[in-house]
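Peer 1: I'd like to ask you about the structure that follows.
The values are calculated or read from the model by the stated rules, or taken from the named source; none is laboratory data. Nothing here was measured: the structure is a model prediction, and the numbers come from that model. Neighbour counts run over all protein chains shown; Cβ positions are idealised from the backbone, glycine included. Keep in mind that these areas ignore ligands, DNA and RNA; they rest on the heavy atoms of the full protein, side chains included. Shrake-Rupley method; radii C 1.70, N 1.55, O 1.52, S 1.80 Å.
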Amino acid sequence: LKAWTFRVNGRLVGLVPLLLRRHRLFGVLPIRRLEMLGSGEREQDEIMSEYLSPIIAKGYDQAVVDALVEELALDEHGWHEISLSAMDGNAPAVAALESALRRQGWTCQVETKTKCPFIKLPSRWEDYLSGLHSSDRYFVKRSLRDFLAWAGDDWRVERVSSQADLPRGREVLVQLHQQRWQKDDKPSVFSSPLFLGFHDQVLPQLLAQNALDLS
């Protein structure tokens, strides 16, 4: 673990959670790579975090990023390469980080690896459907037909609202996910002991903080 905290007059204004991993470039050359915490795991183990980034208080992006790069430049942490993936390209810290790395004289490459689409949900289902492209609207309606053909009339929504509900909610989540992927002869991520272990640890904590919505 390589986590940096940055403070101004004792107030925490920045947290950069990184980790140092051993890699072999082209399967041969051993290097040590700095990565964002929550990235870089094997596909069967990854928790698929979205929008990783340095966590910085508003207005402190440039100051925190500059201080971070100064720390990295000391070269006391044994890294050869930095790979920061799954970051939000629109985040102010990302643009600040790119320019700060280049000012240090380091080679820096920025690539768009994937896109994370989203849609603003209106208050009514009909408005949501009407706002979709015709092909997407067809896909949604077909998915609903497929669901009813699979579930029939005997279906219900179960929602976790207490610690007593959690084992049942976890069981349903895992079973549905495994059925979905096994249908395509692919392994479910819940087949990974590390992935399961992560959820077993974090779900009760999130529920206790009223930060879990599991339906």
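Peer 1: Match the structure shown to one of the listed values (i) 18.1, 52; (ii) 16.7, 51; (iii) 21.8, 64 of Rg and Dmax of the Cα atoms in Å, computed from it, and give that label.
Peer 2: Answer by label: (iii).
Peer 1: Next question. Relative contact order of region 127-215: what whole-number percent is it, with Cα pairs under 8 angstrom and at least 6 residues apart?
Peer 2: Relative CO of region 127-215 lands at 30 percent.
Peer 1: Let me ask another. Just to be sure I understand the curve: with the Debye formula and one point per C-alpha of region 22-72, what is log10 I(q)/I(0) at q = 0.28 Å⁻¹?
Peer 2: -1.07
Peer 1: Probe radius 1.4 Å, ligands and nucleic acids ignored: give me the carbon and sulfur share of the accessible area of the chain as a rounded percent.
Peer 2: 53 percent
Peer 1: Among the DSSP beta bridges whose two residues both lie in the chain, what percent are antiparallel, rounded to the nearest 5? Walk me through the numbers on the way to the answer.
Peer 2: Working: 17 of 21 bridges.
The antiparallel proportion sits near 80 percent.
Peer 1: So, one more: Counting only trypsin sites (Lys or Arg not before Pro) that are in a DSSP loop and have at most 14 other C-beta atoms within 10 Å, tell me the longest site-free stretch of the chain.
Peer 2: Looking at the chain, 59-112 is the longest stretch - no exposed trypsin sites (Lys or Arg not before Pro) with at most 14 other Cβ atoms within 10 Å.
Peer 1: Sticking with this one: Please state the relative contact order of region 63-136 as a whole percent: Cα pairs under 8 Å, 6+ residues apart?
Peer 2: Relative contact order here is 27 percent.
Peer 1: Sticking with this one: Using alpha-carbon positions, what is the distance between the centroids of region 24-80 and region 1-19, in Å?
Peer 2: So the separation of the two Cα centres works out to 13 Å.
Peer 1: Oh, and also: Cross-link partners among lysines for residue 2, C-alpha distance below 28 Å, same-chain residues fewer than 8 apart left out?
Peer 2: Result set, ordered by chain and number: 58, 113, 115.
Peer 1: Further question: Let me check against my output: what whole-number percent is the relative contact order of the chain, with C-alpha pairs under 8 Å and at least 6 apart? Before the final figure, lay out the partial values.
Peer 2: Working: 210 pairs, mean separation 33.4, N = 215.
Relative CO of the chain lands at 16 percent.
Peer 1: Another question about this same structure. So what is the accessible area of the chain per residue, in Å², with the probe set to 1.4 Å?
Peer 2: 73 Å²
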